[in-house]
Amino acid sequence: MAGKTLYDKLWDAHKVSEREDGTALIYIDRHLLHEVTSPQAFEGLRLAGRKPWRLDTNLATPDHNVSTDLAERQAGVAGIRDEISRIQVTTLDDNCTAFGVREFSMNDINQGIVHVVGPEQGATLPGMTIVCGDSHTSTHGAMGSLAFGIGTSEVEHVLATQCLIQRKMKNMRIRVEGDLAPGITAKDVVLYIIGQIGTAGGTGYAIEFAGSALRSLSMEGRMTVCNMAIEAGARAGMVAVDETTIEYFKGRPFAPKGEMWDRAADYWRTLVSDEDATFDKEVVLQAADIEPQVSWGTSPEMVAGVSGKVPNPSNVADEDSRKGVVRALEYMGLQADQPIESIRLDRVFIGSCTNSRIEDLRAAAAVVKGHSVASSVKQAMVVPGSGLVKQQAEAEGLDAIFRAAGFQWREPGCSMCLAMNADKLGQGEHCASTSNRNFEGRQGFGGRTHLVSPAMAAAAAIKGHFVDIRAWQEGAA
Amino acid sequence: MKPFTTVTGLVAPMDRSNVDTDMIIPKQFLKSIKRSGFGPNLFDEVRYLDEGQPGMDNSKRPLNPDFELNKPRYAGAQVLLARKNFGCGSSREHAPWALEDYGFRAIIAPSFADIFYNNCFKNGLLPIVLPDDVVDRLFNAVASTEGYKLTIDLENQQVVTPEGDVFEFEVNAFRKHCLINGLDDIGLTLQNADAIRTYETRREQETPWVFGHIR
């Protein structure tokens, strides 16, 4: 019998029952909730007179539309200026109280972006099935778990039954082999992957990210890669467990302790694809081909290396793709064949569930240290992923580096990644952003997003336009 | 959920690939704690010329005359004809809520993003995958024929054109059953409560650290 992939193992371990139509009832170990996609689910339970199947599996925190402004945060939930945002955050608090769900409320030190909080607390662990009403739940696959985003009806389904009806996805493995050059980060790796396989390249698949370049990444880096699996169309991305994974969870608040830790770690070490496992699709990429990536268009597949140029539609053969490029250049206000380094920035955003962990802030601060934000940049902001990340960064003096350079140092939340709160782009403004989506209007009506790594965003803030971070590190910039 | 059996409806085109759920319903409308009322803000950023905000009187906003759904010939459309990878991006179920609230009952495209595809079925909205060349033909037919309607027969899994052409489509049997009968799948899953409890008992012995630790 052929060996099993990591995904096969996770799937089999959570199968409650198989159904005649080829779908299965899958057990969910951890359910994360936030204020935007849960109110209608709690209301559904109420209307049907149902109770949560299990309480101790759920963890909630408000993140999408909380303010990142210190003064507004200090005024508490009642002080949220936007009335409908306030109602939504209040509704999460009320629902968690009424149903007995554990919540890290807005001003709890443990609050933050739900995909930063889960691993940081050890609330999401290797081998688990993890869901949340948010497509970036794929982040948690970095630890060798099966994690994917769901809609609000499924949030209600999980609350009520602790299960989901799922059809098994196909197996894809993407191997990135070789050593990453200095200055090349996890963000560049995943943007490069999406540029290669396309925004629908992973649709219908669970992707396992593998290869020596992936193995060399820290847990934070692996989370960045898995976070954007959905941007390649895959609901779930994952990385096999190794000692980096296990080391990361030692001492986390909700991680097992003592003898239970040893048992858990032994089990986690089995969460790798077997040598003889077969994949429905395999993609092999070379780390040496990856340079710092910058998105120029309105889909995450529209990326180029920093030394490259904005594409020319006349060089695009496929008609549908050409129309897409023309439309994107018009929306982005860019010229065909324009060098990427000539793109000037109005705002810079360092944050989001993709890149707001301590490692990301350290990388950005290392670039910023001793420099100042360019006078042409209207705003440069750093939004830590959680209260604990913020606290750690402050203990290391990173906030002082950012502030001295002219960056704003904010309170944790999703912020300008999706601009549900006051942090947004103005019409026509270009932003170097460490977030995950460059869709039209994503960061504000008419706003123009360029997806980059934290170091690239930091360097762009200093220079006012994109620069090759590899030259920066060599001291030439 | 509204049952779906057979729908004969006017077809409106959305001739663009990779339509993301941010485009279907922009984030400022996600602050609502309700499931309904999203229709007037469907495709808000391409449908209106100004920036939409919750609570605005949408009837007074300037419409984008170039946007297909604003053309009188597509008023009252129930079938949306779209391109590949429709519904990519965010998992927001507000996207199918907005499409359904606007009046759409079915979407035809060469491919859909996974999460969006799932979410449709929970809301009486039928996503139909047809091959590229068939979708091309339908786009041409819609453009050249004012009042072009398609009949969607879920029971027989067929799309029928006014000329009598029949295109068959695939749909999972359980989803079809739920959609035809307007069933809530939570109730159906709870019929398996014993199997879920049996699983939990076994799994709690194998991996006890997974159970009972968020309090």
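Each label point was placed 7 Å from the Cα along the Cα-to-Cβ direction; for residue B:63 and residue A:48 their separation is 3.8 nm.
Computed extension length for residue A:74-residue A:94: 5.2 nm, one decimal, from 0.36 nm per residue of separation with the Cα-Cα distance subtracted. Of the chymotrypsin sites (Phe, Trp or Tyr not before Pro) found in the range B:50-96, the ones in coil according to DSSP and having at most 16 other Cβ atoms within 10 Å of their Cβ are B:67.
With the largest listed first and rounded to whole Å, the semi-axes of the equivalent ellipsoid of chain A from the Cα gyration tensor are 33, 27, 22. Placing dummy labels 7 Å off each Cα toward the beta-carbon, the span from residue B:215 to residue A:396 is 3.4 nm. Working note: Karplus 6.51/-1.76/1.60 with θ = phi - 60° gives the range A:40-55 the couplings 5, 6, 4, 4, x, 4, 4, 5, 8, x, 9, 10, x, 5, 9, 8 Hz, where Gly and Pro are set to x.
Quick one: putting +1 on the C-beta of Lys and Arg, -1 on the C-beta of Asp and Glu, what dipole do you get for chain A around its Cα centre, in Debye to the nearest 20? Walk me through the intermediate numbers first.
Details: 47 positive and 60 negative charges, 101 e Å.
It comes to approximately 480 debye.
Take each residue in A:156-165, count the other chain C-beta atoms within 10 Å of its C-beta, and the mean is 5. The distance between label points at residue A:168 and residue A:318 comes to 3.0 nm (points 7 Å beyond Cα on the Cα→Cβ vector). Take each residue of peptide B:7-16, count the partner chain Cβ atoms within 10 Å of its Cβ, and average: the result is 1. From its DSSP helices (H runs of at least four residues, each -39,500 (n - 2.57)), chain B gives a residue-normalised ellipticity at 222 nm of -8500 deg cm²/dmol. Membrane-span-like helices of chain B, defined as complete DSSP H segments with a Cα extent of 15 Å or more along the helix axis and a mean Kyte hydropathy of at least -1.0, are identified as B:132-144.
How long are the semi-axes of the equivalent ellipsoid of the range A:205-294, taking √(5λ) for every eigenvalue λ of the Cα gyration tensor, in whole Å from largest down?
With the √(5λ) rule applied to the range A:205-294, the semi-axes are 26, 16, 13 Å.
So, R0 is 35 Å and r is the distance between the beta-carbons of residue B:206 and residue A:177; what FRET efficiency does that work out to, to 0.05?
E(calc), rounded to 0.05, equals 0.50.
Once the chain from residue A:403 to residue A:1 is taken as fully extended at 0.36 nm per residue, the excess over their C-alpha distance is 138.8 nm. Whole-Hz Karplus values for the range A:390-395 come out as 4, 4, 5, 4, 5, 5 Hz, taken residue by residue from phi with 6.51 cos²θ - 1.76 cosθ + 1.60 and θ = phi - 60°; glycine and proline positions read x.
Look at the dipole of the protein assembly as shown built from charges on Cβ: of A:418, A:77, B:112, the Cα furthest out on the positive end belongs to A:77.
Binning the C-alpha pair distances of the range A:301-355 at 5 Å intervals from 0 yields a P(r) profile of 4, 17, 24, 23, 15, 10, 6, 1 %, listed from the shortest bin outward.
What FRET efficiency, computed as 1/(1 + (r/R0)^6) with R0 = 25 Å and r the Cβ-Cβ distance, is obtained for residue A:17 and residue B:155, rounded to the nearest 0.05? Before the final figure, lay out the partial values.
Details: r = 27 Å, r/R0 = 1.08.
Working from the Cβ atoms, E equals 0.40.
Our summary gives the range B:93-215 a relative contact order of 16 percent, counting only alpha carbon pairs under 8 angstrom and 6 or more residues apart. Contact order, relative form, for chain A: 17 percent (alpha carbon pairs under 8 Å, 6 or more residues apart, mean separation divided by residue count). From its DSSP helices (H runs of at least four residues, each -39,500 (n - 2.57)), chain A gives a residue-normalised ellipticity at 222 nm of -9500 deg cm²/dmol. Across the options A:34, A:143, A:339, the greatest Cα extent toward the positive end of the charge dipole of the protein assembly as shown (unit charges at beta carbon of Lys, Arg, Asp, Glu) belongs to A:34.
Pairs from the table (A:4/A:170; A:9/A:168; A:378/A:463; A:168/B:2; A:390/B:27; B:2/B:84) lying more than 18 angstrom apart at Cα are A:168/B:2; A:390/B:27; B:2/B:84. For the residue pairs A:424/B:60; B:60/B:149; A:424/B:31, the alpha carbons lie more than 18 Å apart in A:424/B:60; B:60/B:149. Taking a point 7 Å out from the Cα of residue B:2 in the direction of its Cβ, the residues of the range B:160-187 whose backbone N falls within less than 20 Å of it are B:160, B:175-185. Which percent of the accessible heavy-atom area of chain A goes to carbon and sulfur, probe 1.4 angstrom? Heavy-atom surface of chain A belonging to carbon and sulfur, 1.4 Å probe: 48 percent.
Residue by residue along B:185-197, Cβ atoms of other protein chains within 10 Å of the local Cβ number 5 on average.
The values are calculated or read from the model by the stated rules, or taken from the named source; none is laboratory data. None of the values given here were measured: they were computed from a predicted structure. So basically every Cβ, Gly included, is an ideal-geometry build from the backbone, and we count neighbours across all protein chains shown. Ligands, DNA and RNA are excluded from the accessible area calculation, which covers all protein heavy atoms including side chains. Shrake-Rupley method; radii C 1.70, N 1.55, O 1.52, S 1.80 Å.
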